[in-house]
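Coordinate-derived values only; no laboratory data. From a predicted model like this one, the values you see are computed outputs, not experimental measurements. Positions of Cβ are generated from backbone atoms using ideal geometry, with glycine treated the same way; all protein chains shown enter the neighbour counts.
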């Protein structure tokens, strides 16, 4: 995980732009998702990555429409790969609520 940026939409939902760096090694070992997770480990949003990124490193993908309850002040963004699962560097994002 390299970075995670967010923006709050007029309807109160969030858009996250997440940049991941992973040494994809073909279809048997690649970054295949990232999540926005609340403090109680509730998954608030998940972006599935359906292709390899061998030649695009790091890469950024977005997800809109994430609903985060008003009482949550920070979330964790984490990436997943097909071999190690959830792991690597996680980023805590302060939402400024």
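Annotations
- Normalised by the number of residues in the range 58-97, the average gap of Cα pairs under 8 Å and 6 or more apart makes the relative contact order 40 percent.
- Contour excess over end-to-end distance, with Cα ends at residue 57 and residue 40 and 0.36 nm allotted per residue: 3.0 nm
- Its relative contact order, with pairs defined as Cα atoms under 8 Å and 6+ residues apart, puts the chain at 32 percent.
- Relative exposure of 13, 62, judged by other C-beta atoms within 10 Å (fewest first): 62, 13
- Förster radius 41 Å - calculated FRET efficiency between residue 73 and residue 29 (Cβ-Cβ, nearest 0.05): 0.70
- Per-pair calculated FRET efficiency, R0 = 30 Å: residue 83 and residue 10 via Cβ, rounded to 0.05: 0.15
- Most to least packed among 33-42, 63-72 [average Cβ atoms within 10 Å]: 33-42, 63-72
- Pair-distance profile P(r), taking every C-alpha pair of the range 3-94, with 10 angstrom steps and integer %: 17, 51, 25, 7, 0
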